[in-house]
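A.B. asks: To start, I am sharing the structure in question, which I have written as structure tokens.
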Amino acid sequence: MKTNKNTSNSPNADTKFFGVPVKCNKTDLPDYEKLIAYWFLHPKISSRNVKYCLNQLDEGIMTIERLLSLTRISVNNQFLKLSNDANLPEIMCKKIQDWTDAFGEPTASDWAYLEKNHNFKKESLVNEINKVSERDKAPQADFHSPKEMATCVKERVYGQDKAIDMLSVPFFQQYESKRRGKPCLIKTPVLLIGPTGSGKSAIFQGYARCSKCIIVPINSSEISGTQWKGTHMTDVILRTIKDKHGPKFKNIVGRDNVIDEYICVLLDEVDKIPHHDQRIASSSGTDFNTDIMCDIMRMLNSGEYLFLDDGFNQDGSPKGYRIPVDNILVVFAGAFSGIEDIVRKRLHLNKTIGFSQASSSATSIDALLNQVTSEDLIEWGFMPELIGRIGNICALNSLTPDLIYNIMTNAKDNILQSHIDYCHLYNIDLHFTPEALHLIADVAYKSGLGFRNVKTLLSRCLTPIYYEFRDDFLIKSVQTVNIDRDFIAKQLNLFTK
């Protein structure tokens with residue numbers, strides 16, 4: 001029955017319970033308060049759920065009695081005492097923050113109601129939440145050597161130990177620079193060469209996270225040089241720094257508009273700068289790609305400043321900021337598909353080697369990529385002046401099916417675990433058989449896209465399951481979903497091949 005909001009028995013319009021406006025008559029008030037208290041205590045009921053249910057009450061679609069009955073069942077099935085679940089404080093921390101943002105902080109009388117009616121003291125929740133908050137605010141573990149940083153990154157990236165070890169030195173130097181507030185003048189850029197999906201971006205992200213610096217990923221094929229129409233790399237750098245600091249951006253701008261910040265720049269797909277339609281340009285290149293390479297060199301000139309354009313002042317003069325080049329660590333990355341031909345020619349190797357990552361010659365291609373030199377990069381089309389500024393060249397290994405499987409099952413924060421965690425939000429316990437995961441790894445390997453294709457394959461396989469999900473906190477029990485090899489094969493249409 002729809003609530004009559006105009007009855008004389010209605011509470012004052014300003015009456016709130018846990019920040020939620022009370023819109024019922026006095027007869028229903030006890031049940032209404034009990035319902036809101038259940039909503040507040042339940043870790044899976046978000047502010048969006050609450051607003052949805054309030055709308056159901058206002059429209060007369062649901063009654064207080066019905067909602068109270070359903071919610072009580074859900075609470076009894078799912079709500080656990082803080083002392084019995086180590087993960088619940090973190091969940092409730094996010095839940096209370098969501099509630100506070102939507103309805104405001106609970107009052108002293110709200111907490112008193114919980115203690116009286118649910119034997120639940122404020123301290124038992126707030127103290128645990130404070131522990132979570134302090135833990136989140138606590139600085140990351142300090143690193144005392146490049147080797148320690150490398151060990152941390154290897155938890156997330158498998159099969160690329162050589163590249164990780166090489167990158168650990170400049171990233172540790174950048175880490176020390178930020179910690180001491182003094183640039184390291186000896187660090188040099190690194191070039192990562194590897195096939196698509198081999199982990200170039202993942203390695204960079206892992207190290208950038210460890211170094212506590214701002215991450216600036218730039219797709220080299222989408223930027224333009226100075227005086228050319230389009231997005232310049234300095235535009236991306238300034239936008240990223242501003243987004244990171246928000247309203248506090250002005251706090252890092254010092255005298256003469258110098259930005260006091262340390263950043264890590266990933267110039268991805270850098271192999272495409274001197275190339276057009278897979279044809280190698282001459283070392284002189286075109287005016288366009290030559291200008292881009294000259295702009296990149298400005299970002300590598302130690303002792304100078306990089307100007308970050310920010311439009312114009314009212315008097316028409318250029319407006320912008322400067323950041324010390326020595327505060328920037330640059331990592332270049334690219335697939336360089338075909339550069340093995342240049343290496344083979346230089347080494348006088350006439351044996352033909354296939355190009356497909358899935359072919360039996362993948363190991364031989366890896367061996368050739370490990371032989372890439374500055375001379376090969378210049379023949380590829382880069383300016384000698386730019387190549388001369390790169391400290392190390394590191395080739396990544398092609399990922400085998402076994403490596404892809406290990407990344408899915410063992411790497412920290414992997415995409416498979418993200419799917420499992422997502423399902424937990426809907427009371428779904430998702431299980432994959434080893435055979436199913438091996439099949440996904442095989443398909444990803446044969447695609448030539450490496451681990452990058454795993455995300456797409458998992459999405460294709462799990463979409464039919466996600467289609468049936470309900471964002472309903474009233475689901476009473478946990479459901480188990482088993483994914484086997486036959487299910488994966490069916491979703492990927494492998495039976496018809």
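The values are calculated or read from the model by the stated rules, or taken from the named source; none is laboratory data. This is a predicted model, so every value here is computed, not measured. All Cβ positions, even for glycine, are placed from backbone atoms using ideal geometry, and neighbour counts span all protein chains on display. What goes into the accessible areas is simple: the full protein's heavy atoms, side chains included, and nothing from ligands, DNA or RNA. Shrake-Rupley method; radii C 1.70, N 1.55, O 1.52, S 1.80 Å.
A.B. asks: Where in region 160-249 are the helices (runs of 4 or more DSSP H), entirely inside, with at least 1 residues that are in contact (Cβ under 8 Å) with a residue 12 or more places away in the chain and among the aromatic types (F, W, Y)?
C.D. replies: The qualifying helices (runs of 4 or more DSSP H) are 161-180, 200-211.
A.B. asks: Considering only region 366-381, state which residues are out of contact with any Ser or Thr (no Cβ under 7 Å at 6 or more places or on another chain), open to solvent by less than 60 Å² (accessible area, probe 1.4 Å) and not in a loop (DSSP other than H, G, I, E, B).
C.D. replies: A367, L368, L369, S374, D376, L377, W380
A.B. asks: Anything in region 57-72 that is without any contact (Cβ under 8 Å) to a residue 40 or more places away in the chain and of a type in the set (S, T, N, Q)? List them, or say none.
C.D. replies: Answer for region 57-72, where residues must be without any contact (Cβ under 8 Å) to a residue 40 or more places away in the chain and of a type in the set (S, T, N, Q): just S69.
A.B. asks: So, S447, is that one under 24 Å from P195 (Cβ atoms) and open to solvent by 40 Å² or more (accessible area, probe 1.4 Å) or not?
C.D. replies: yes
A.B. asks: If you go through region 382-414 one residue at a time, how many are assigned to a loop (DSSP other than H, G, I, E, B) and farther than 30 Å from K455 by Cα?
C.D. replies: 6
A.B. asks: Next question. Take the residues of region 310-322 that are closer than 18 Å to T240 by Cβ and open to solvent by less than 70 Å² (accessible area, probe 1.4 Å): which is modelled with the lowest pLDDT?
C.D. replies: Ranking the candidates gives G311 first.
A.B. asks: Among what's in region 394-403 and is surrounded by 20 or more Cβ atoms within 10 Å (Cβ to Cβ) and of a type outside the set (G, A, S), pick the residue that is nearest to V330 (Cα to Cα).
C.D. replies: Among those that are surrounded by 20 or more Cβ atoms within 10 Å (Cβ to Cβ) and of a type outside the set (G, A, S), it is C394.
A.B. asks: Tell me the residue from D85, D28 that is open to solvent by 10 Å² or more (accessible area, probe 1.4 Å), within 20 Å of S109 (Cα to Cα), modelled with pLDDT under 80 and of a type outside the set (F, W, Y), please.
C.D. replies: On the way: D85 fails: within 20 Å of S109 (Cα to Cα).
The conditions single out D28.
A.B. asks: Turning to a different aspect of this structure: List, please: which pairs have Cβ atoms under 9 Å, are six or more places apart or on different chains, and start with a residue in region 428-454 that is without any contact (Cβ under 8 Å) to a residue 60 or more places away in the chain and more than 19 Å from P464 (Cβ to Cβ) and end with one that is open to solvent by less than 10 Å² (accessible area, probe 1.4 Å) and among the β-branched types (V, I, T)?
C.D. replies: E435/I488; A441/I404; A441/V454; D442/I404
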